[in-house]
Amino acid sequence: KNEVEQSPQNLTAQEGEFITINCSYSVGISALHWLQQHPGGGIVSLFMLSSGKKKHGRLIATINIQEKHSSLHITASHPRDSAVYICAPSGNYGGSQGNLIFGKGTKLSVKP
Amino acid sequence: DAGITQSPRHKVTETGTPVTLRCHQTENHRYMYWYRQDPGHGLRLIHYSYGVKDTDKGEVSDGYSVSRSKTEDFLLTLESATSSQTSVYFCAISLTEMNTEAFFGQGTRLTVV
């Protein structure tokens, strides 16, 4: 069962391009995280959304609760944005109100 | 950066041996989580804790146990390691049950040979 689907799985872009990563989920959620994981590195939460849109620097995240869909946009992409981006809704899974479930990630490579 | 430290960062162990991974936080967050990350599966929840001595199972808890005797430490034990437990293990903490802010450790790469 795939409760969280991300697309694309892999993405190669040229520096400066506008990038969109999509996340669809089939479960009820209370919020959704976008996470970033650099090669061999730890995981950082970029955003937590429960509605609407959030912006942080060149990163923008949107969510449509009714359509069960979220997007992560990167404007003016840069090689340092190369990482795996993971969508992680939180909801009432496994007896807890806010456990996270995770997409399989989108591997982004930005070429100079 | 949130104060989360995982130890060890890398470990190679033999099949059948017990292994304990440690997650230490300095944030005084109530909720702590252990995940494993495997190619093709993404992150999956092993166990979580919602307070000292309060723990519960996650999606892939078979073969694992946990303990939390202090707020700052959450231990994950593989009682008898198997090759299928070769993985990267991540600890995470959250101030609230709703994971409104989630912070992850750097990960522990465990290889069972």
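Figures for the structure shown
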item	result
Hits in the stretch B:58-77 - residues which are farther than 27 Å from A:I29 by Cβ and either open to solvent by less than 10 Å² (accessible area, probe 1.4 Å) or not small (G, A, S) (or both)	B:K70, B:T71, B:E72, B:D73, B:L75, B:T77
Candidate set: the stretch A:35-48, residues that are open to solvent by less than 40 Å² (accessible area, probe 1.4 Å) and more than 16 Å from A:G103 (Cβ to Cβ); chosen: the one modelled with the lowest pLDDT	A:G41
Subset of the stretch B:52-74 (residues that are of a type outside the set (K, R) and within 12 Å of another protein chain (Cβ to nearest Cβ))	B:D54, B:T55, B:D56, B:G58, B:E59, B:V60, B:S61
Of all residues making up the stretch A:1-34, the number that are among the hydroxyl-bearing types (S, T, Y), open to solvent by 40 Å² or more (accessible area, probe 1.4 Å) and modelled with pLDDT of 90 or more	4
Subset tally (residues that are open to solvent by 70 Å² or more (accessible area, probe 1.4 Å) and assigned to a strand (DSSP E or B)) for the stretch B:1-30	6
Condition met for A:S51 (in contact with a strand residue (DSSP E or B) (Cβ under 7 Å, 6 or more places away or on another chain) and either open to solvent by less than 50 Å² (accessible area, probe 1.4 Å) or within 13 Å of chain B (Cβ to nearest Cβ) (or both))	no
Residue satisfying condition, being over 20 Å from A:I19 (Cβ atoms), open to solvent by less than 60 Å² (accessible area, probe 1.4 Å) and touching a residue at least 40 places away in the same chain (Cβ under 8 Å), within set A:S77, A:S90, A:S70	A:S90
Residue within the stretch A:96-107 that is of a type outside the set (A, V, I, L, M), under 14 Å from the mean Cα position of the chain (by Cα) and loosely packed, with under 15 Cβ neighbours inside 10 Å present	no
Residues of the stretch B:78-108 satisfying the condition of being within 19 Å of B:S67 (Cα to Cα), more than 7 Å from every other protein chain (Cβ to nearest Cβ) and either more than 16 Å from the chain's Cα centre (by Cα) or surrounded by fewer than 16 Cβ atoms within 10 Å (Cβ to Cβ) (or both)	B:E79, B:S80, B:L95
Flag if B:G16 is among the small types (G, A, S) and within 21 Å of A:I101 (Cα to Cα)	no
Residues within the stretch B:31-54 that are surrounded by fewer than 19 Cβ atoms within 10 Å (Cβ to Cβ) and within 12 Å of the chain's Cα centre (by Cα), tallied	1
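The values are calculated or read from the model by the stated rules, or taken from the named source; none is laboratory data. None of these values were measured; they are calculated from a predicted model. Note that each Cβ is placed from the backbone with ideal geometry, even for glycine, and that neighbours are counted across all protein chains shown. We work out accessible area using only protein heavy atoms, side chains counted, and drop any ligands, DNA or RNA first. Shrake-Rupley method; radii C 1.70, N 1.55, O 1.52, S 1.80 Å.
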